[in-house]
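**Student:** Just dropping this structure here.
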Amino acid sequence: MTVSILELFSNDLALNGDTGNRRALAHRLELAGIEVEQRTYNPGDTLGILPDIVVVGTGSSSAQRALAPEFAQIAEQLREWAKAGVVFLAAGAGFHLLGKTIKLDSNTVIEGAGVFDVTVDATAARIVTEAFGIDGQFGLLIGTENHSAVTTLAQGMAPIGAVRNGFGNGDGLEGAVVGNAYGTHLHGPALVLNPVFADHLISLAVARTGDTYIKNDKHDELDQTIDLAREILIGKLPR
């Protein structure tokens, strides 16, 4: 069995180390003895065959402006993949570009790919949260956030969780979930600091292949080190 991971626009959308999400998924799969194919897609490339996981990270407002036409060219394919159950993890600007629209300034609204039924106002004051905490089905997700956006979910669109510390979407909730697609403002990178979340995405992807993801002692050893990093950030949460 081989699991294919595709990272979109890795040359422009990796400001907060989000390319580490692809590497974290690949490493955990390999520790479980599962072969991994890692691919990237940048302007001028071909999307290629159906992947099992799609990841995309964050970038500047200028990158969002520049990449909006690129997302438009592949939007239909991305929506089809999401409907087919492909796993998506989109962080920051990548999350916003997979939404419906982004307001960049008073005169500029760009179209997103429409994987998530969300609208984004990116004219808000910049938010930087050193210990960004989210409570939800994965327990406590911890990391950082760095954005200037208010994200509005359409009626019926589920969030990833509730904000314990930080800004998130701007209404006390964080991120969006539709099918196997997850959008978030969580960086760190998100999947490096939150192995429970990473393992959930891996399990979804592996299930599509008809196989099973089984962790072992190597995962336990890795996660003990990750716990040390998590504890530093958790210690900064308000009591």
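Each reported figure results from applying straightforward, stated rules to the coordinates on display, with no laboratory input. Quick caveat: nothing in here was measured; it's all calculated off a predicted structure. As a convention, Cβ positions derive from the backbone with ideal geometry for all residues, glycine included, and neighbour counts pool all protein chains shown.
**Student:** When you check residue 215 against the structure, is it more than 16 Å from the chain's Cα centre (by Cα), under 21 Å from residue 3 (Cα atoms) and not β-branched (Val, Ile, Thr), yes or no? Quick ask: steps written out before the conclusion?
**Tutor:** Numbers: more than 16 Å from the chain's Cα centre (by Cα): yes; under 21 Å from residue 3 (Cα atoms): yes; not β-branched (Val, Ile, Thr): yes.
Yes; evaluated as a whole, the condition is true for this residue.
**Student:** Right, next: Applying the selection to the stretch 111-128, what residues are more than 15 Å from the chain's Cα centre (by Cα), part of a strand (DSSP E or B) and buried (at least 20 other Cβ atoms within 10 Å of the Cβ)?
**Tutor:** Within the stretch 111-128, 120 is the sole residue that qualifies.
Let's see how each residue does on (1) touching a Leu at 6+ places or on another chain (Cβ under 9 Å); (2) closer than 17 Å to residue 169 by Cα; (3) basic (Lys, Arg):
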site	(1), (2), (3)
51	yes, no, no
63	yes, no, no
68	yes, no, no
76	no, no, no
83	no, no, yes
88	yes, no, no
96	no, yes, no
118	yes, yes, no
128	no, yes, no
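The rows are residues; the columns are (1) part of a strand (DSSP E or B); (2) over 29 Å from residue 31 (Cβ atoms).
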position: 130; (1), (2): yes, yes
position: 135; (1), (2): yes, no
position: 142; (1), (2): yes, no
position: 152; (1), (2): yes, yes
position: 156; (1), (2): no, yes
position: 197; (1), (2): no, no
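**Student:** Next question. Of everything in the stretch 13-42 that's among the charged types (D, E, K, R) and closer than 14 Å to residue 90 by Cα, which residue is surrounded by the fewest Cβ atoms within 10 Å (Cβ to Cβ)?
**Tutor:** At the first step, the residues of the stretch 13-42 found to be among the charged types (D, E, K, R) are 18, 22-23, 28, 30, 35, 37, 39.
With the extra rule that they be closer than 14 Å to residue 90 by Cα, the set shrinks to 18, 22.
Details: 18: 29, 22: 26.
If we take residues in the stretch 13-42 being among the charged types (D, E, K, R) and closer than 14 Å to residue 90 by Cα, then 22 is surrounded by the fewest Cβ atoms within 10 Å (Cβ to Cβ).
**Student:** Only one of these conditions is not met by residue 225: (1) of a type in the set (Ser, Thr, Tyr); (2) part of a helix (DSSP H, G or I); (3) buried (at least 19 other Cβ atoms within 10 Å of the Cβ). Which number is it?
**Tutor:** Against the list (1) of a type in the set (Ser, Thr, Tyr); (2) part of a helix (DSSP H, G or I); (3) buried (at least 19 other Cβ atoms within 10 Å of the Cβ), residue 225 comes up short only on (3).
**Student:** Considering 12, 18, 105, 52, which residue is closer than 19 Å to residue 145 by Cβ, of a type in the set (D, E, K, R) and touching a residue at least 12 places away in the same chain (Cβ under 8 Å)? I'd like the intermediate steps shown before the answer.
**Tutor:** On the way: 12 fails: closer than 19 Å to residue 145 by Cβ; 105 fails: closer than 19 Å to residue 145 by Cβ; 52 fails: closer than 19 Å to residue 145 by Cβ.
When all the criteria are applied, what remains is 18.
**Student:** Could you check the stretch 135-145 and list, in sequence order, the residues that are more than 14 Å from the chain's Cα centre (by Cα) and within 20 Å of residue 18 (Cα to Cα)? So that I can check it myself, show each step before the final result.
**Tutor:** Taking the stretch 135-145 and keeping what is more than 14 Å from the chain's Cα centre (by Cα), we get 135-140.
Scanning the stretch 135-145 gives 138, 140.
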